[in-house]
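Participant: There's a structure below that I have some questions on.
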Amino acid sequence: AVVAGFDGSRGSRNPDPSNPPDHTGLVITEIATGHQQAYGHWDPMSYGGEIPADLVDIAVDDLFAAYDVWRVYCDPPGWDQTIATWAGKYGTARVVEWFMWRERAVGFAMRNYADGITSGACTNDGDPEFTAHIGRAHRRLVNARDDKGERLWTIEKERDGSPLKIDLAAAGSRSWEARSDALTA
């Protein structure tokens, strides 16, 4: 049984090489062990600037065919219709919109993910791109606070327009949050 996190960027038909578009990532986490792996990673520059949605659809279909998928947390902007199609196909209880603009929820999810990585509860398969995306993620404080009044944080690239992407880290955090929710359920 697995959960997954999806972080998507469509890219651009006319990409600016000095400001390359974000990547799209799909990360799965085995519920029983907490082991993660990048299940899909798409760089829009490999496709002329825009990621073909059908390739992502194939990966999601393969995921549901290969595993018992409890839930997929998806950040919908730019992929709303595609995610709605997945929800129609696999059920709204299994394909869930998980918006990154919710500072408090995201702050707790990021803390949970960082704690999982630091404690060794969250492991991964050593995929070089996945590892690089996690390593490139920078903390950015948000306005939301925890119950003790401490500011929460999210992750971001080193700067806008950076060619050093973090999308697999974002997908990994969503996948880890889905695992936490699966264990709680």
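Participant: Ordering D54, D181 by accessible area with a probe of 1.4 Å, largest first, what comes out? Kindly include the intermediate steps, with their values, before the conclusion.
Facilitator: Values: D54 90, D181 55 Å².
In descending accessible area the options line up as D54, D181.
Participant: Same structure again: For K148, list the aspartates and glutamates whose Cα falls under 20 Å from its own Cα; do not include residues on the same chain fewer than 8 positions away.
Facilitator: E103, D115
Participant: Please list, in order, the residues from region 33-63 whose amide nitrogen is less than 14 Å from a point placed 7 Å along the Cα→Cβ vector of Q81.
Facilitator: The answer is 52-54, whose backbone nitrogens lie closer than 14 Å to the label point.
Participant: Order 14-27, 167-180 from most to least packed using the mean count of other Cβ atoms within 10 Å. All intermediate terms of the calculation are to be shown ahead of the outcome.
Facilitator: Numbers: 14-27: 18.1, 167-180: 27.9.
The packing order, highest mean first, is 167-180, 14-27.
Participant: Any idea what the relative contact order of region 73-126 is, in percent, if you count C-alpha pairs under 8 Å spaced at least 6 apart? Kindly include the intermediate steps, with their values, before the conclusion.
Facilitator: On the way: 29 pairs, mean separation 16.4, N = 54.
Over region 73-126, the number comes to 30 percent.
Participant: Counting only DSSP beta bridges with both residues in the chain, what percent are antiparallel, rounded to the nearest 5? Before the final figure, lay out the partial values.
Facilitator: Working: 19 of 30 bridges.
Taking every DSSP beta bridge with both residues in the chain, the antiparallel ones total about 65 percent.
Participant: Return the label of the correct value of P(r) over Cα pairs in 10 Å bins from 0, in percent, as calculated from the structure shown, out of (i) 8, 21, 15, 14, 12, 9, 6, 6, 4, 3, 0; (ii) 8, 21, 21, 26, 18, 5, 0; (iii) 10, 39, 38, 13, 1.
Facilitator: Here P(r) over Cα pairs in 10 Å bins from 0, in percent agrees with entry (iii).
Participant: To continue, here is another question. Which whole-number percent gives the relative contact order of region 32-123, counting Cα pairs below 8 Å spaced six or more residues apart? Before the final figure, lay out the partial values.
Facilitator: On the way: 56 pairs, mean separation 27.4, N = 92.
About 30 percent, as a whole number.
Participant: Hey, another quick one. Need one value: the accessible area of Y47 in square angstrom, 1.4 angstrom probe, rounded to the nearest 10.
Facilitator: Counting only protein heavy atoms, Y47 exposes about 90 Å² to solvent.
Participant: Can I ask one more? What is the sum of charges, Lys and Arg at +1 and Asp and Glu at -1, for the other residues whose Cβ falls under 14 Å from the Cβ of F64? Please list the in-between numbers first.
Facilitator: Details: positive: R71, K89, R94; negative: D57, D61, D62, D68.
Counting the neighbours of F64, the net charge comes to -1.
Participant: Moving on to the next point. Could you put I117, I155 in order of accessible surface area, largest first, with the 1.4 Å probe and the full protein assembly present?
Facilitator: Numbers: I117 70, I155 35 Å².
If we order I117, I155 from most to least accessible, we get I117, I155.
Participant: Moving to a separate point now. Once you keep just the Cα pairs under 8 angstrom separated by 6 or more residues, what percentage relative contact order results for the chain?
Facilitator: RCO, the chain: 31 percent.
Participant: For the charge dipole of region 62-139, defined by +1 on Lys and Arg C-beta atoms and -1 on Asp and Glu C-beta atoms about the Cα centroid, which residue among V96, Q81, A66 has the Cα displaced farthest towards the positive pole?
Facilitator: V96
The values are calculated or read from the model by the stated rules, or taken from the named source; none is laboratory data. Everything numeric in this text was worked out from a predicted model, so none of it was measured. For neighbour counting, all protein chains shown are included, and Cβ atoms are generated from backbone atoms with ideal geometry for every residue, glycine included. For accessibility, only protein heavy atoms count, side chains too; no ligands or nucleic acids. Shrake-Rupley method; radii C 1.70, N 1.55, O 1.52, S 1.80 Å.
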